[in-house]
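A short write-up of the structure that comes next.
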Amino acid sequence: MSGIRGVVLDIEGTTTPIAFVHDVLFSYARAHVKDYLAKHAARDDVRKDVELLREEHAEDVRNGKQQPTLTGEVDSIADYVNWLIDLDRKSTGLKSLQGKIWHEGYATGTLRSQVFPDVPPALARLRTAGLSISIFSSGSVLAQQLLFAHTEAGDLTSFISNYFDTGVGKKGEAESYRRIADTIGLPPSELLFISDVAGELSAAREAGMKTVLSIRPGNQPQESAAQYQTIESFDEL
């Protein structure tokens with residue numbers, strides 16, 4: 001941690017179990033997307049998400065994908081959304097719509113998010129040490145804020161200064177991390193990025209950030225893991 005003034009954290013497989021994201025959040029979105037669209041289809045922000053989904057569907061058609069047919073009917077939009085969820089597609093329209101659906105789940109108390117037990121004390125320790133803490137996830141900024149606001153350990157958002165989603169770029173591109181550093185206001189060399197995906201670490205390293213590979217239960221093995229310092233708990237920071 002020598003020379004580090006800020007930490008940028010991935011969520012899935014880093015602060016939060018992969019199983020929670022796939023088995024709880026994705027399942028909730030899949031089960032509620034049709035009702036949500038039927039209830040909120042006239043909202044401008046939802047219409048914007050649907051337009052992004054239409055553009056993505058058109059691209060899938062051009063690329064010869066085996067996607068469901070997309071019409072103006074809620075059922076067809078929901079079918080396409082569920083197809084994207086099954087692919088774990090990191091698309092802006094999908095992630096934005098999912099965040100809105102989860103917002104209702106958290107508001108009613110149906111959803112309660114999970115973080116690894118070592119995460120809350122580590123966030124407090126890092127902030128006490130004067131480090132900034134940011135999140136970079138393919139999930140929307142809204143989804144990130146909701147997750148950390150409604151954890152089983154309580155509201156953790158007071159520890160987090162910045163949230164970044166694919167609006168800054170893809171997680172596998174170095175330019176995304178340069179934009180993050182510019183927004184935080186620190187040189188990349190003074191930022192530490194922690195993720196469970198080696199390709200993301202490679203992009204962050206290319207941008208000049210320090211990197212650490214997160215090894216958590218349920219994470220996929222990374223072929224290039226030997227190239228990175230690894231941790232199995234934030235207690236090691």
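The values are calculated or read from the model by the stated rules, or taken from the named source; none is laboratory data. If you're wondering where the values come from, they're calculated on a predicted model, not measured in any experiment. FYI the Cβ positions are ideal-geometry reconstructions off the backbone, even for glycines, and counts take in every protein chain you see.
If I filter region 93-122 down to residues being in a helix (DSSP H, G or I) and charged (D, E, K, R), which single residue comes out as nearest to Ala19 (Cα to Cα)?
Taking the candidates together, the pick is Lys95.
Looking only at region 2-55, count every residue that is in contact with a Lys or Arg (Cβ under 9 Å, 6 or more places away or on another chain), touching a residue at least 60 places away in the same chain (Cβ under 8 Å) and loosely packed, with under 15 Cβ neighbours inside 10 Å and tell me the total.
Number satisfying all stated conditions: 1.
Of all strands (runs of 3 or more DSSP E) completely enclosed by region 157-237, which ones contain at least 2 residues that are in contact (Cβ under 8 Å) with a residue 60 or more places away in the chain?
191-195, 210-214
Hey, can you tell me all the residues within region 120-150 that are among the polar types (S, T, N, Q) and more than 15 Å from the chain's Cα centre (by Cα)?
Scanning region 120-150 gives Thr128, Ser132.
When region 86-104 is examined, which residues are found to be small (Gly, Ala, Ser) and either modelled with pLDDT of 95 or more or under 12 Å from the mean Cα position of the chain (by Cα) (or both)? Write out each step before concluding.
Of all residues in region 86-104, those small (Gly, Ala, Ser) come to 91, 93, 96, 99.
Residues satisfying the conditions are Ser91, Ser96, Gly99.
Which of the residues that make up region 56-73 are in a helix (DSSP H, G or I), closer than 16 Å to Ile85 by Cα and free of Cβ contacts under 8 Å to residues at least 12 places away in the same chain?
Listed by number, the list holds a single entry, Asp60.
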